[in-house]
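Data block below; observations after.
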Amino acid sequence: AGRDGLGAYIADPAAFPPNRVIYYNDDFVAIRDMFPKSAVHCLLLPRKVPVDVEMFEVVRSDPAFLAAAQAEAAKLKQLVAKELERKFGRESRSSALRQRVLDSSSSSGDPEAVEKEEWEGKKDGKLPPGRDWAREVKVGIHSNPSMNHLHIHVLSRDMASDSLKHKKHYNSFNTDFFADLDIFPMDDGEVYERKHSDWSSRDLVCWRCGKNFSNKFQKLKEHLAEEFEEWKRE
Ligand code: 5GP
Ligand code: ZN
């Protein structure tokens, strides 16, 4: 437990139930975060990296690792996107429209009215594009992580979760303390960390509309709940 709590998943992923370990292979284990900070929050754990080594160092000494980690994270990102679609697709205007048009074309009834009304482009055999849920998923690492085993966060960007309990939680995912996996490789991790060392004292700023809540975390929480409803409906 404690700072080494992620080690058990790497050592024996088969010992965990499928609602905790999503999948694993020789090189990675994908798990659900035990204290999710968003509606869907997963972690990608590399298995062949020494414990207590930082992303910046691994990437420097093992460039092939970065490519492998980015490819694996892209896979997990698609899984998270699919899960968002399963959870919220019915509430989403664009997801639901696509589904209705798909349903109407396969039903034996008269689909024409629905199609005409909802999707003029259907005449050319096109479907509404639906919602790109992958755009709602963030992939990255904390530049100064609390857990010892290297882990990559893959999470939806809503920040709507009961486990989001204080300012640090929020800012750690919504300032550049959260280093997008795509910014690697970078030359000097230490410079990066120093540059962003004030992340926890910065104002709370809504990820969706940019409203500034200063230090008022409870006010931000209420606002995030409202934004969550709007976000699902996009
Ligand atoms: P970081 O070290 O990047 O700040 O984040 C560590 C993450 O691991 C946190 O999001 C935390 O909720 C999660 N976490 C801490 N302990 C456990 C655990 O035992 N199991 C799982 N699945 N997640 C954990
Ligand atoms: Zn907002």
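The values are calculated or read from the model by the stated rules, or taken from the named source; none is laboratory data. Treat the numbers as computed from the prediction; the structure is a model and nothing was measured. Backbone-built Cβ (ideal geometry, glycine too); neighbour counts: all protein chains shown.
Could you please let me know if R131 is basic (K, R), under 18 Å from the mean Cα position of the chain (by Cα) and surrounded by 17 or more Cβ atoms within 10 Å (Cβ to Cβ)? Judged against the criteria, R131 is a match.
Beta carbons closer than 8 Å, at least 6 apart along the sequence or on distinct chains, pair a first residue in region 210-233 that is within 27 Å of G89 (Cα to Cα) and of a type in the set (G, A, S) with a second that is part of a loop (DSSP other than H, G, I, E, B) and within 16 Å of ligand 1 (Cβ to nearest atom) for A225/A160.
Please tell me if P145 is under 20 Å from P50 (Cα atoms), within 9 Å of ligand 1 (Cβ to nearest atom) and not charged (D, E, K, R). Against the criterion (under 20 Å from P50 (Cα atoms), within 9 Å of ligand 1 (Cβ to nearest atom) and not charged (D, E, K, R)), P145 qualifies. Filtered by the rule that a residue be touching a Lys or Arg at 6+ places or on another chain (Cβ under 8 Å) and away from ligand 1 (no atom under 13 Å from the Cβ), region 177-207 gives D180, P185, L204, V205, W207. Is region 15-32 home to any residue that is among the aromatic types (F, W, Y) and within 17 Å of L181 (Cβ to Cβ)? Looking through region 15-32, at least one residue is among the aromatic types (F, W, Y) and within 17 Å of L181 (Cβ to Cβ). The conditions of being hydroxyl-bearing (S, T, Y) and within 13 Å of ligand 1 (Cβ to nearest atom) are not met by S214.
Conditions tested, residue by residue: (1) more than 11 Å from ligand 2 (Cβ to nearest atom); (2) at negative phi; (3) in a loop (DSSP other than H, G, I, E, B).
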| position | (1), (2), (3) |
| --- | --- |
| S146 | yes, yes, yes |
| H153 | yes, yes, no |
| A160 | yes, yes, yes |
| S163 | yes, yes, yes |
| E190 | yes, yes, no |
| E193 | yes, yes, no |
| S200 | yes, yes, no |
| N215 | yes, yes, yes |
| A225 | no, yes, no |
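Contact annotation: residue pairs with Cβ atoms under 6 Å, 6 or more positions apart or on different chains, pairing a residue in region 1-29 that is in contact (Cβ under 8 Å) with a residue 60 or more places away in the chain with a partner that is surrounded by 12 or more Cβ atoms within 10 Å (Cβ to Cβ) and among the polar types (S, T, N, Q), are R3/N148; D4/N148.
Would you point out the residue of region 202-213, among those that are part of a loop (DSSP other than H, G, I, E, B) and within 10 Å of ligand 2 (Cβ to nearest atom), that is surrounded by the fewest Cβ atoms within 10 Å (Cβ to Cβ)?
By that ranking, first place goes to G210.
Scanning region 45-64 for residues that are touching a residue at least 24 places away in the same chain (Cβ under 8 Å) and assigned to a helix (DSSP H, G or I) returns M55, F56, E57, V58, V59, R60, P63.
Annotation: K219 fulfils all but one of (1) surrounded by fewer than 17 Cβ atoms within 10 Å (Cβ to Cβ); (2) of a type in the set (K, R); (3) within 30 Å of D4 (Cβ to Cβ); the unmet one is (3). If I filter region 167-185 down to residues being assigned to a loop (DSSP other than H, G, I, E, B) and touching a helix residue (DSSP H, G or I) at 6+ places or on another chain (Cβ under 6 Å), which single residue comes out as modelled with the lowest pLDDT? This residue is P185.
Please tell me if L102 is in a helix (DSSP H, G or I), touching a residue at least 24 places away in the same chain (Cβ under 8 Å), surrounded by fewer than 18 Cβ atoms within 10 Å (Cβ to Cβ) and not acidic (D, E).
Yes, satisfied.
Restricting attention to region 1-41, the residues that are touching a Phe, Trp or Tyr at 6+ places or on another chain (Cβ under 6 Å) and small (G, A, S) add up to 1.
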